[in-house]
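Enquirer: One structure is given below, represented as structure tokens, and several questions about it will come after.
The values are calculated or read from the model by the stated rules, or taken from the named source; none is laboratory data. Bear in mind that the values here come from a model prediction, so they are computed numbers and not experimental data. Don't worry about glycine lacking a Cβ; one is built from the backbone with ideal geometry, like all the others, and counts go over all protein chains shown. Just the protein is used for accessible areas: all its heavy atoms, side chains included, with ligands, DNA and RNA removed. Shrake-Rupley method; radii C 1.70, N 1.55, O 1.52, S 1.80 Å.
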Amino acid sequence: MSRLSRLSLRGFRCFESLEYEPGPRLSFLTGPNARGKTSILEAACMLLRLRSPRTSENREMVRFGGEAFALEGMFGETRLSITCTPPTRVLKLDGVVQAKPSEYLVQGRIVWFGSEDLLLVNGPAERRRKLLDSAGLQLAGVGMTDAISYARNLKNYERALRSRNLLLREGKPRAQIEAYDIPLSESGDCLLESRDALVRALAPLASEACRAISGESLEISYLPGASRPMKEALEVSRSEEIRLRQTRVGPQRDDLGLQLDGIPAGSFASEGQRRTIALALKLAVAGLLTRINGVAPLLLLDDIFGELDPGRRDALLAGMPSDAQAILTTADLGGIVLPSDSQVHRFGESGLEAA
Amino acid sequence: MASLDYPESFRELVKQLRRLPGIGPRSAERIALWMLRSPDAKPDQLAGAIGRARETLHTCRLCGFFAEQEECSLCRDTAREGGELCVVETATDILPLERTGVFRGRYHALGGKLSPLDGVGPEHLRIGELLERLGQERPKEVILALGADVEGEATAHYLAEMIAPTGVPVTRIAQGLPAGGGVEQADQVTLHRALAHRRAY
């Protein structure tokens, strides 16, 4: 099973140089704020997925005053490395330069959780669509959908949608706008179908994860932004789209319905409940990736305990997927009973040290 | 003391070579040296060929392919008269199709594809010329041989719509599995299209 066994950061965020060796199961990073705990998680995410959950600008990850950062790590038997001198980057697998990211990206999958994910519950629908995409874009599997098809559908759909909306906004002739109906609904139908299947597979996993953490009942449902076939939905919405100068139906209006104990979660859930739901959704994605890919993704969980009460904290740790490797940050581990195979590092006077 | 460099005329040659697509500073210098020093190099012939090509090469008035007269050799070939008309995105798409030896009609290069995000609308393409040709030449069929990306698709649908009133039948080249490719390697969209456009044996 592939684990991240070593991670080295150079010129990354606040670190001039840092070596970190996570354990095979749960690895905790603790210590005061602003020491770089989250940056270590970000580095692991960047190394495996070539993108940061915190920023889309590689420049922002360069240490202040520097010009480049380098990350290297052992994932399973493979040595991954990325040297980034914005705007250029060099990727290597076992020292061999990779011209295209495709080969590199099949190495590792991750599931990230951060405090911003509480907005999955009561924030804009875009966050919930992104959650579904994060699952769709990391699936290696056959049968439901695979990452390459998903990525292509998403890209084609977005391009067709932007083109079509531009033509609508500029009030171009109908023939030019309708020329995009087929490419739009073709990729749109595929996306609607994939997301529907994803939600149906995620629902029991999310429900199970939530029950394990808090005993509450979580139900998720797919709220598609268009009926299928999308071509017909487009025709029905024609007068509305002309009036509003914008495509009115399609996956760009998809949402995920969340019900906790039978009540819509967005409007009433407390902070602790929101954290529980968001974690349950992320653990569901991890469970699905594990089932389809046959390998558990690396869990990168930033400040997971937040406002959770001690009961939920213990239940969360006990409910961590038993086959997954996780790196978790928290300011303080006081009073928390850690599973026996956990490893703890703490930011002390002389930097990161094993506790 | 000024640092030593090649003389001005040589530097100018390197500078011009560097402007060519895919040529970096090192390659430009190597080509320039070879051009001037190698007994095999024929720089005068090269310069002459570039000049002549520039002077004699035109765009065919009808199809948009490369021509040395007002019309290209394909459009002057009367054996191709009244057959099918194959619409492609750019003039360079014509040769690969022609080399298959399967198609014996005429071509029409649009000079690009519709792409609102890049500011390309129907008025930037040779669509008016296409409709005019359809009226004059009355081909048996118009075959759309455009790319299968989002813009190629949109352009094909737009053209089909525009051509419909002329009454000339419109077809589109087949899409689906690449030759030699298995079903299990194909992605979702390709299979969707292959199934949707299946045909009877």
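Enquirer: I want to confirm something. Restricting to the stretch B:110-124 and keeping residues that are within 17 Å of residue B:172 (Cβ to Cβ) and more than 10 Å from every other protein chain (Cβ to nearest Cβ), which single residue is most open to solvent (accessible area, probe 1.4 Å)? It would help to see each step written out before you state the result.
Expert: Step one: of the stretch B:110-124, the residues within 17 Å of residue B:172 (Cβ to Cβ) are B:110, B:113-114.
Narrowing further to those that are more than 10 Å from every other protein chain (Cβ to nearest Cβ): B:110, B:113.
Values: B:110: 1, B:113: 61 Å².
Applying the filter and picking the extreme gives B:113.
Enquirer: Determine which member of the set A:284, A:197, A:209 is surrounded by fewer than 16 Cβ atoms within 10 Å (Cβ to Cβ), touching a residue at least 40 places away in the same chain (Cβ under 8 Å), part of a helix (DSSP H, G or I) and under 23 Å from the mean Cα position of the chain (by Cα). Please lay out each step first, then the result.
Expert: Working: A:284 fails: surrounded by fewer than 16 Cβ atoms within 10 Å (Cβ to Cβ); A:209 fails: surrounded by fewer than 16 Cβ atoms within 10 Å (Cβ to Cβ).
None of the other options fit; the residue is A:197.
Enquirer: Related question: Tell me, which residue of the stretch A:114-161 that is over 21 Å from residue A:51 (Cβ atoms) and at the interface with chain B (Cβ under 9 Å from one of its Cβ atoms) is surrounded by the fewest Cβ atoms within 10 Å (Cβ to Cβ)?
Expert: Here the answer is A:142.
Enquirer: Also: Provide a single number: the residues in the stretch A:296-324 that are more than 21 Å from residue A:54 (Cβ to Cβ), part of a loop (DSSP other than H, G, I, E, B) and touching a Leu at 6+ places or on another chain (Cβ under 8 Å).
Expert: Selection size over the stretch A:296-324: 6.
Enquirer: Condition first: in a loop (DSSP other than H, G, I, E, B), free of Cβ contacts under 8 Å to residues at least 12 places away in the same chain and of a type in the set (Lys, Arg). Can you find one or more residues in the stretch A:43-52 that meet it? I'd like the intermediate steps shown before the answer.
Expert: Just the residues of the stretch A:43-52 that are in a loop (DSSP other than H, G, I, E, B), to begin with: A:50-52.
Those still in the list that are free of Cβ contacts under 8 Å to residues at least 12 places away in the same chain too: A:51-52.
Of the ones still in play, those that are also of a type in the set (Lys, Arg) are A:51.
Yes, that holds for at least one residue.
Enquirer: Scanning the stretch A:78-122 for residues that are over 21 Å from residue A:299 (Cβ atoms) and among the acidic types (Asp, Glu), which turns out modelled with the highest pLDDT?
Expert: Here is the first cut: in the stretch A:78-122, the ones over 21 Å from residue A:299 (Cβ atoms) are A:79, A:81, A:83-103, A:122.
Next, from what is left, pick out any that are among the acidic types (Asp, Glu): A:94, A:103.
On the way: A:94: 95, A:103: 86.
The extreme case among them is A:94.
Enquirer: Within the stretch A:162-186, track down each residue that is open to solvent by less than 30 Å² (accessible area, probe 1.4 Å), facing chain B (nearest Cβ under 7 Å), in a helix (DSSP H, G or I) and touching a Leu at 6+ places or on another chain (Cβ under 9 Å).
Expert: A:163, A:176
Enquirer: With the condition kept exactly as written, say whether any residue in the stretch A:78-93 is closer than 30 Å to residue A:37 by Cα, of a type outside the set (Lys, Arg), in contact with a helix residue (DSSP H, G or I) (Cβ under 9 Å, 6 or more places away or on another chain) and not in a strand (DSSP E or B).
Expert: Within the stretch A:78-93 (the criterion being closer than 30 Å to residue A:37 by Cα, of a type outside the set (Lys, Arg), in contact with a helix residue (DSSP H, G or I) (Cβ under 9 Å, 6 or more places away or on another chain) and not in a strand (DSSP E or B)), the answer is yes, since at least one residue qualifies.
Enquirer: Further, regarding this structure: Against the condition under 24 Å from the mean Cα position of the chain (by Cα) and surrounded by fewer than 16 Cβ atoms within 10 Å (Cβ to Cβ), how does residue B:166 come out, does it pass?
Expert: On the way: under 24 Å from the mean Cα position of the chain (by Cα): no; surrounded by fewer than 16 Cβ atoms within 10 Å (Cβ to Cβ): yes.
Spelling it out, it is not the case that residue B:166 is under 24 Å from the mean Cα position of the chain (by Cα) and surrounded by fewer than 16 Cβ atoms within 10 Å (Cβ to Cβ).
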